[in-house]
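Novice: Below you will find the structure I want to go over with you.
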Amino acid sequence: MSKDALFYMANLYPEIGRMYSFYDSGKNEAAANAQNRALGMVDKILSFPDIVPGGREEWSVVKNFILGYKILDLSERKILEKYAEPFDFSAN
């Protein structure tokens, strides 16, 4: 099965949810593992040649949000938590 950028985009949404769920419940190691998986997904997305320059910038911002997820204010956190939702087929 070939995995394209949409595959990783769809899987990013639940991973971000897991990251915050673990973080909010004090499971810091599990949160860090989810963060690393999410960062890996963004790196995979950025590796696809069909991602246009504007999209690359946007995904780079998402990556920075994930890197600093612990220090985001409530508004930024909400943006990050909802960003990948449109790509998640189970949420629609």
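Novice: Can you tell which of F22, F7 is farther than 17 Å from E85 by Cα and of a type in the set (F, W, Y)?
Specialist: Numbers: F7 fails: farther than 17 Å from E85 by Cα.
Just a single option satisfies the conditions, and that option is F22.
Novice: Working carefully through the options I71, I51, find the one that is at pLDDT below 95 and surrounded by fewer than 17 Cβ atoms within 10 Å (Cβ to Cβ).
Specialist: I51
Novice: Where in the chain are there helices (runs of 4 or more DSSP H), lying fully within it, with 1 or more residues that are free of Cβ contacts under 8 Å to residues at least 12 places away in the same chain and basic (K, R)?
Specialist: Qualifying helices (runs of 4 or more DSSP H): 53-67, 74-83.
The values are calculated or read from the model by the stated rules, or taken from the named source; none is laboratory data. Being a predicted model, the structure only gives us computed values, none of them experimental. Note that we place each Cβ from the backbone using ideal geometry, even for glycine, and neighbour counts take in every protein chain shown.
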